[in-house]
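Beneath this line is the structure, given in structure tokens, with notes to follow.
The values are calculated or read from the model by the stated rules, or taken from the named source; none is laboratory data. Remember, it's a predicted structure, so these values are computed and weren't measured experimentally. Cβ atoms come from the backbone with ideal geometry, glycine included; neighbour counts cover every protein chain shown.
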Amino acid sequence: MSTFDDELTQAAGGIEKLPLAAAVLAVIGLADSAYLTLSHYTKEPVPCSIVEGCETVLTSSYAEIAGIPIAALGAAAYFTAFSLSILAVYGNRMAWTLFGVQALLMAAVSAYLVYVQAFVIGAFCQFCLVSAATSIALFLVFLASSLINRR
């Protein structure tokens, strides 16, 4: 086991490895984004049981970039985050560093998209909010590991 793994295992306190926790979060985000991507291409409305406005958000001009659904881009980002975190589970420190960059970008884009929902569109999509929370959680996991490694 590498020193990197030892530090993560010791400091995680109950979670064997923070990269493993990140992998689980990435799978949640991937499932959410894949569902939204499928709904986009099948034109099936998504159930909006917690907040009002899912269809308003998902059919807005902000839901696509150059004809590609934001959800599909999110699915690709979550798959990348999952792949990097799994490599980090097996001790690849460079993969964990790249994961951190990926997680930061994902959290920043998610924060922007929540802003757009709140102040531009004026409606919220519960699935989009789950994705934003997951992206931010991924960044927080990386941030926690960085703080642990500074000790």
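Quick check on region 61-78. Is at least one of its residues within 22 Å of Lys17 (Cβ to Cβ) and within 18 Å of the chain's Cα centre (by Cα)?
So far as region 61-78 goes, yes, one or more of its residues are within 22 Å of Lys17 (Cβ to Cβ) and within 18 Å of the chain's Cα centre (by Cα).
Residues in region 74-83: is at least one of a type in the set (Ser, Thr, Tyr), surrounded by 15 or more Cβ atoms within 10 Å (Cβ to Cβ) and touching a residue at least 60 places away in the same chain (Cβ under 8 Å)?
Scanning region 74-83 turns up no residue that is of a type in the set (Ser, Thr, Tyr), surrounded by 15 or more Cβ atoms within 10 Å (Cβ to Cβ) and touching a residue at least 60 places away in the same chain (Cβ under 8 Å).
Report the residue count in region 109-119 for those that are among the β-branched types (Val, Ile, Thr) and farther than 15 Å from Glu64 by Cβ.
Number satisfying all stated conditions: 1.
Is at least one residue of region 134-146 more than 18 Å from Asp32 (Cα to Cα), surrounded by 14 or more Cβ atoms within 10 Å (Cβ to Cβ), touching a residue at least 12 places away in the same chain (Cβ under 8 Å) and among the polar types (S, T, N, Q)?
Among the residues of region 134-146, at least one is more than 18 Å from Asp32 (Cα to Cα), surrounded by 14 or more Cβ atoms within 10 Å (Cβ to Cβ), touching a residue at least 12 places away in the same chain (Cβ under 8 Å) and among the polar types (S, T, N, Q), which makes the answer yes.
If Ala118 satisfies all but one of (1) surrounded by fewer than 16 Cβ atoms within 10 Å (Cβ to Cβ); (2) in a loop (DSSP other than H, G, I, E, B), what's the number of the condition it fails?
(2)
Quick one: is Leu98 closer than 18 Å to Ser33 by Cα, part of a helix (DSSP H, G or I), modelled with pLDDT of 95 or more and out of contact with any strand residue (DSSP E or B) (no Cβ under 6 Å at 6 or more places or on another chain)?
Numbers: closer than 18 Å to Ser33 by Cα: no; part of a helix (DSSP H, G or I): yes; modelled with pLDDT of 95 or more: yes; out of contact with any strand residue (DSSP E or B) (no Cβ under 6 Å at 6 or more places or on another chain): yes.
Criteria not met by Leu98.
Could you identify the single residue in Ala71, Ala88, Ala81, Ala107 that is small (Gly, Ala, Ser) and either more than 14 Å from Leu25 (Cβ to Cβ) or not in a helix (DSSP H, G or I) (or both)?
Of Ala71, Ala88, Ala81, Ala107, the one residue that is small (Gly, Ala, Ser) and either more than 14 Å from Leu25 (Cβ to Cβ) or not in a helix (DSSP H, G or I) (or both) is Ala71.
If you go through region 24-38, how many residues are surrounded by 19 or more Cβ atoms within 10 Å (Cβ to Cβ) and within 14 Å of Cys128 (Cα to Cα)?
Of the residues in that region, 6 qualify.
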